[in-house]
1. Around B:Leu127, with a cut-off of 15 angstrom between Cβ atoms, what is the net charge of the other residues, counting Lys and Arg +1 and Asp and Glu -1?
2. For the protein assembly as shown, with equal point scatterers placed on the C-alpha atoms only and solvent neglected, what are the log10 I(q)/I(0) values from the Debye formula at q = 0.07 1/Å, to two decimals?
3. How far apart, in nm, are two points set 7 Å out from the Cα along the Cα-to-Cβ line at A:Ser106 and at B:His53?
4. When Lys and Arg each count +1 and Asp and Glu each count -1, what net charge do the other residues less than 15 Å away from B:Leu37, Cβ to Cβ, add up to?
5. What share of Cα pairs, in percent, lie more than 15 angstrom apart in the range A:91-198?
6. Please report, for A:Asn197, the nm distances (one decimal) from its label point, 7 Å out from Cα along the beta-carbon direction, to the equivalent points in the remaining copies, shortest first.
7. Return the calculated 222 nm mean residue ellipticity for chain A, to the nearest 500 deg cm²/dmol, obtained by summing -39500 (n - 2.57) across DSSP H runs with n ≥ 4 and dividing by the residue count.
8. Applying 1/(1 + (r/R0)^6) with R0 = 56 Å to the Cβ-Cβ distance of B:Gln87 and A:His12, what FRET efficiency is obtained, to the nearest 0.05?
2 protein chains.
Amino acid sequence: MTESESPKPYHHGHLREQLLAAGEQALGEMPVEQVSLREIARRAGVSHAAPKHHFPSLGHLLGEVAARGYTRFAGALAAAADAAPDQSPQSRLLAMGRAYLRFAESNAAAYQLMFGQREPMVMTPNLITASYAAWSQLLEAVTAIVGSARAQGAALHVWSSVHGLSTLKLSGRVPPEMPGHNLEEQMLQMMLAGLENQ
Amino acid sequence: MTESESPKPYHHGHLREQLLAAGEQALGEMPVEQVSLREIARRAGVSHAAPKHHFPSLGHLLGEVAARGYTRFAGALAAAADAAPDQSPQSRLLAMGRAYLRFAESNAAAYQLMFGQREPMVMTPNLITASYAAWSQLLEAVTAIVGSARAQGAALHVWSSVHGLSTLKLSGRVPPEMPGHNLEEQMLQMMLAGLENQ
DNA sequence: AGATATATTTTTACATTGTCAAGATTTAAT
DNA sequence: ATTAAATCTTGACAATGTAAAAATATATCT
């Protein structure tokens, strides 16, 4: 029972890690509903049943991939806020909003996995904590503007706005006659105005 | 039990209509991703390949079902606006917002089909016109508040808010410690405030 | 060390799914 | 009535996720 030296890799190496990487890679190259268990196994160079020992089901694998997505996501939001030109709470929140929209656009499949209803996805513990961390970040930024009493409702308002716009765009429901960038900025301003004038 | 029959033109009757009805029925009883072509055929009492002659693919069938969803949806919004206590533009818009949230909640699977990324869904002509009709309705309500110049951006703001909240709730991402009804009302108020103070 | 146990991967297999190609059968046309 | 067309069923195929059994590599123990 003496656990002596560092754990040596098994047959294939650290397959669990590679499966997660393959999942993220697949999300970058194909729509979310095409990211199947067998596709991920294929990319990792193993048989279609190999993941079974590391993830009890596809849903668990996707859950872990989504958790990683949330971590990247939270990092992007934090970086944007810290890089905001004027470091006022309003400026920081707007920066986060822009980063949010940019993330959803540049990581469409991952975003759809994280927020959509890809339906064999399991709410893994890692996923719960990672998504809660992202939410906390937004909550903090909003608290700096409206105070802690109204923070929850206000944060939900902010989140709904940017999430709603993101999903509408991703599903192609936004009439294309509206130029994208200007429109987003306009929406963020309304969102902020709603926060402050209520 | 098969005696007096009305004009039954074909083998089974008007199968196309029954398939659409079966699709809507299925959406009321199971999650959207379980609504398969074979499930719909089963409910209509025909073989799994029978739909082929009426719909070239599952995507087309789902598209038509979604179109019907949009028609019901637009009807609910219109009824709510016309039944608003105070018939001011603001009151009408708030009523529509509440109806929107209620529809998404009471018709979860249909809503997810209409707005989500159920991915073999085809943008059928009927679907395009029906969804555009719903959008026009919202646009009209918003125009009455902000004028036609800013209407498009404002309508997108409104839509994003209610759509974002709906999808967040449907995907179980709204922290449950917030009581639902009060929260929704709070969000609608912020949404309206953002419209007017910008 | 050699023997045995455990962990990992592959191979098969099965029930689903959507779509296609032939048949079969009912309705319409001539 | 015969023929043509439209409609439905049957059977097949390639995918999918999952499960069990077989194979293989690694770890543990004496």
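1. Summing Lys/Arg as +1 and Asp/Glu as -1 gives +1.
2. -0.38
3. 5.3
4. +1
5. Distances greater than 15 Å cover 66 percent of the Cα pairs.
6. Those label-point separations list as 0.7 nm.
7. After summing the helix terms and dividing by the residues of chain A, the value is -22500 deg cm²/dmol.
8. E between B:Gln87 and A:His12, to the nearest 0.05, is 0.25.
Since every read-out is calculated from the coordinates, none of them should be taken as a lab result. Every value quoted in this text rests on a predicted model; they were computed, and no experiment measured them. Heads up, the Cβs are rebuilt from the backbone with ideal geometry, glycines too, and the neighbour counts pull from every protein chain shown.
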